[in-house]
Amino acid sequence: QMKANEPIDKLTADLQPLIEYFESLKTKYTEDNKGSKKIRYSAYYNLGKIYLYLDQPEKAIKEGEGLIANDYDKGDGKDLVKAGNKLLENFNKLQLRTRHNPIFN
């Protein structure tokens, strides 16, 4: 549903229940066993990817840092932080806050 020439406000709102679900997994599975770590990993990772797609690099970086702290797969966390920082750098360089440029009629 995401298009480069359309705003993502509706998509962001549509994804809110999914975001809330992933957020709930981080606090629901707090044990230190492998299964709980895998579930928390999936929550952090998926949230990080969602936030990158929704042009919210600060939140993606936060999720990447959480992934690193979860101590399951630090490499993916570092990749999310790197991607978030790169997107933030591009936004600052271009003085934009989105990669989606709506066409005005």
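The values are calculated or read from the model by the stated rules, or taken from the named source; none is laboratory data. Please read these numbers as outputs of a predicted model, since none were measured by experiment. All Cβ positions, glycine included, derive from the backbone under ideal geometry; neighbour counts span all protein chains shown. Just so you know, the surface numbers come from the protein's heavy atoms only, side chains and all, with ligands and any DNA or RNA stripped out. Shrake-Rupley method; radii C 1.70, N 1.55, O 1.52, S 1.80 Å.
Observations, loosely collected:
- Residue match in segment 94-101 (condition: under 16 Å from the mean Cα position of the chain (by Cα), among the hydroxyl-bearing types (Ser, Thr, Tyr) and open to solvent by less than 40 Å² (accessible area, probe 1.4 Å)): no
- For segment 52-91, the tally of residues that are among the aromatic types (Phe, Trp, Tyr) and surrounded by 17 or more Cβ atoms within 10 Å (Cβ to Cβ) stands at 1.
- The residues of segment 6-51 that are within 15 Å of Arg99 (Cβ to Cβ), open to solvent by less than 90 Å² (accessible area, probe 1.4 Å) and at pLDDT below 95, listed by number, are Glu6, Pro7, Ile8, Leu11, Thr12.
- Only residues that are out of contact with any Lys or Arg (no Cβ under 9 Å at 6 or more places or on another chain) and under 18 Å from Leu11 (Cβ atoms) were counted in segment 53-72, giving 4.
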